[in-house]
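Quick note: the coordinates plus some simple rules give every number you see, no bench work behind them. Note that the structure is predicted; figures quoted are calculated from it, not measured. Cβ coordinates were reconstructed from backbone atoms using ideal geometry, including for glycine residues, and neighbour counts include every protein chain displayed.
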Amino acid sequence: MSLKDKTAIVTGSNSGIGLGIARALAREGADVVLNSFTDSEDDHALASEIAQDHGVVARYIQADMSKAEECRGLIEKAGACDILVNNAGIQHVAPIDSFPAEKWDAIIAINMNSVFHTTAAALPMMRKAGWGRVINVASGHGLRASPFKSAYVTAKHGVVGMTKVVGLETAKEPITCNAICPGYVLTPLVEAQIPDTAKEYGISEDEAVEKVILAKQPSKEFVTVEQLAGIAVFLCSDSAAQITGTSIAADGGWTAQ
Ligand code: NAD
């Protein structure tokens, strides 16, 4: 398979899973657009590094996924979008009765509403090109709940639902829309929630990893960024042309329980 001449836009891709997916798509020949809300030299250097490593066109476009117009603007500025990976996401861990309203709004906007805006802007480009792939990085928390994650679980369940709708709306076209539902991956997003989880449960950080975080994952191993990137590449392949509107769990058995 080659993704040469395809343009992939990956939201929230200056770090973690998004960066891994962007690298893997570039390795398959796709031109890539990296994104986050920052606009630093390091952000643009990542794009240059990918271009150099894989001989593709790689750009970094700053856009804040908490803002509807910037979500749509990202797709418009990119000018083409054959593969859209909706990956940007944040987390906040607190009981619902003390969950800060501004954190709720930010998580719903970045983790869920942005998927609506980017997908709406990208589908006409995919239709024009006669091919398209929408890949939503949801979560095991799109399929199951945990305490203290009201906004995240709500947003990720929303993304899984939206994935089904877009799969149905594009079913007769050469476009697919699927969600990847990772279990725990050791990225900055998870590293940042270890102290809060320890605090909420009144245990040490080591215990929080072992007894709370990986407790859900029967494999007792973190999922890797490379494994998730491999699933994204597979979803772009011809073998996956009839996979649409569904969720692929990569969670060491978490949601089998
Ligand atoms: P990460 O913190 O490394 O990456 C998140 C990315 O989103 C970063 O590039 C960040 O800059 C970007 N981002 C944050 N706010 C943004 C905004 N307003 N506009 C644009 N970009 C923004 O974390 P990650 O673990 O790589 O998370 C990536 C996705 O995977 C998220 O949607 C997350 O919910 C999901 N996920 C992660 C795990 C895990 O265990 N790490 C598990 C399941 C799902």
Need one number: convex hull volume per residue for the chain, Cα atoms only, in Å³.
120 Å³
Taking a threshold of 23 Å on the Cα-Cα distance, which of the pairs LYS128/LYS172; LYS6/LYS67; LYS67/LYS216; LYS77/LYS103; LYS149/LYS199; LYS4/LYS67 fall above it?
LYS6/LYS67; LYS67/LYS216; LYS77/LYS103; LYS4/LYS67
In whole angstrom, how far apart do the alpha carbon centroids of region 71-107 and region 138-156 sit?
14 Å
Looks like region 45-95, by Cα gyration tensor root eigenvalues a ≥ b ≥ c and the a/c under 1.5 rounded cutoff (else prolate when a/b is bigger than b/c, oblate otherwise), is oblate
Hull volume in cubic angstrom per residue (convex hull over the Cα atoms of region 18-78):
71 Å³
Segments 167-174, 3-10 sorted - mean Cβ within 10 Å per residue, highest first:
3-10, 167-174
Among 42-51, 196-205, what's the highest-first ranking by average C-beta atoms within 10 angstrom per residue?
42-51, 196-205
What's the ranking of 82-88, 212-218 by average number of surrounding C-beta atoms within 10 Å, highest first?
82-88, 212-218
Quick check of the Kirkwood formula: for region 69-146, what is the inverse mean of 1/r over all pairs of different Cα atoms, in Å?
13.9 Å
For region 134-257, place one equal point scatterer on every Cα, skip the solvent, and apply the Debye formula. What is log10 of I(q)/I(0) at q = 0.11, 0.13, 0.15 Å⁻¹?
-0.41, -0.55, -0.71
